[in-house]
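Asker: Structure below; questions to follow.
Taken together, the values in this text are just the output of simple stated rules run on the coordinates, not laboratory data. Predicted model only: the values in this text are computed from it and were never measured. FYI the Cβ positions are ideal-geometry reconstructions off the backbone, even for glycines, and counts take in every protein chain you see.
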Amino acid sequence: MFVLINLKAYPCDPVEIATIATDVSEATGVRIAIAPQATDIQSVAETGVETWAQHVSPVEHGSHTGSTLAEAVSRAGAVGTLLNHSENRLRLADIDAGLRAAERAGLETIVCANNPRQIAAAARLEPDSVAVEPPALIGTGTPVSKADPEIVTDSVEAASGVPVLCGAGISTGADLVAAEKLGAGGVLLASGVAKADDPRAALEALVEPL
Ligand SMILES: O=C(CO)COP(=O)(O)O
């Protein structure tokens, strides 16, 4: 299972969480990555943890003030990027161009989507993986694998062989096991670790049953 922790714009310490993730990943052998704010990518990557961008802009080098260049996040130490998170929705053409920008920079890609129909469309754009996250469950602590397991199984079918992660409301080891049983190759989560009083205990408990 791939565990990708999206720190969003939460007021957590990204380097502390990255250090914990490195320790837990080394101790358990579970692949754990952190997606911090773009400006924290370098300091997070320096901990040795697998580091992802939350987004890259659909542009190449050029006159694109305010953009997040795929090559720049790669240079800072990111090895992958999310695209089209439900909190940062993109137009179809921009998802496509963002994917091609990430490919040029050598970044692994995950395109997020709300439901199995969108997963089918996202998979056709040939990302490395897709992630289904029903927006209504994000941040609720109610996992998609429990609230609506068919969203995961239908997404796995709709993705036509592209690996599927699931996310929204995931916070326990049981949630990870349930996601794996439904066919997900990984999970995307945020508040369960980024907002935990004790992120180390939260992350250890999360991967313990794997
Ligand atoms: O949006 C998410 C991960 O990208 C899920 O957020 P929560 O884990 O807080 O529900």
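Asker: I'd like the Karplus ³J(HN,Hα) series for the stretch 165-182: coefficients 6.51, -1.76, 1.60, θ = phi - 60°, whole numbers in Hz, and an x wherever there's a Gly or Pro.
Answerer: With coefficients 6.51, -1.76 and 1.60, one gets 9, 10, x, 3, x, 7, 8, 10, x, 4, 5, 5, 4, 4, 4, 5, 5, 7 Hz.
Asker: Order by neighbour count: Asp175, Asp40, fewest other Cβ atoms within 10 Å first, most last.
Answerer: Going from sparsest to densest Cβ surroundings: Asp40, Asp175.
Asker: With a point put 7 Å past each Cα toward its Cβ, work out how far Ser67 is from Ala9 in nm, to one decimal.
Answerer: 2.2
Asker: Using amide H atoms built in the peptide plane, which far-off residues or other-chain residues are under 5 Å from Gly186 H to H?
Answerer: Residues meeting the amide H criterion: Phe2, Cys166.
Asker: Could you tell me the distance between the Cα centroids of the stretch 151-193 and the stretch 41-84, to the nearest Å?
Answerer: 24
Asker: Run the numbers for Met1 and Thr172: contour at 0.36 nm per residue of separation, minus the present Cα-Cα distance, in nm.
Answerer: So the extension gain works out to 60.2 nm.
Asker: To continue, here is another question. ³J(HN,Hα) across the stretch 74-80 via Karplus (A = 6.51, B = -1.76, C = 1.60, θ = phi - 60°), whole Hz, x for Gly/Pro?
Answerer: Per residue, the Karplus-derived 3J(HN,Hα) values read 5, 4, 6, x, 6, 10, x Hz.
Asker: Another one. Taking the alpha-carbon distance from Lys146 and a cut-off under 20 Å, which aspartates and glutamates remain once sequence neighbours fewer than 8 residues away in the same chain are dropped?
Answerer: Glu133, Asp154, Glu157, Asp175, Glu180, Glu208
Asker: Still on this structure: So for the chain, averaging the separation of alpha carbon pairs under 8 Å that are six or more residues apart and normalising by length, what relative contact order in percent results?
Answerer: Relative contact order of the chain: 19 percent.
Asker: What does the charge count near Val79 come to, summing +1 for each Lys or Arg and -1 for each Asp or Glu among other residues with Cβ under 10 Å from its Cβ?
Answerer: With Lys, Arg at +1 and Asp, Glu at -1, the net is -2.
Asker: Same structure again: Check which residues have an amide H placed less than 5 Å from Arg31's amide H, if you skip close sequence neighbours.
Answerer: Val3
Asker: What is the mean projected area of the alpha carbon convex hull for the chain, to one decimal in square nanometres?
Answerer: 10.3
Asker: Considering the alpha-carbon set of the stretch 44-104 alone, what are its Rg and its Dmax in angstrom?
Answerer: For the stretch 44-104, the Cα radius of gyration and maximum Cα-Cα distance read 11.5, 35 Å.
Asker: Using a simple charge model, +1 on the beta-carbon of Lys and Arg, -1 on the beta-carbon of Asp and Glu, nothing else, what dipole does the stretch 2-207 show about its Cα centre, in debye to the nearest 20?
Answerer: 420
Asker: Right, something else. Using θ = phi - 60° and the Karplus relation 6.51 cos²θ - 1.76 cosθ + 1.60, list the HN-Hα couplings for the stretch 2-14 in order, rounded to whole Hz, with x at every Gly or Pro.
Answerer: For the stretch 2-14, the Karplus curve yields 9, 10, 10, 9, 8, 7, 6, 10, 6, x, 9, 9, x Hz.
Asker: What residues from the stretch 162-204 fall in the zone where the backbone N is under 11 Å from a label point 7 Å along the Cα-to-C-beta line of Glu16?
Answerer: Counting backbone N atoms under 11 Å from the label point, the list is 195-200.
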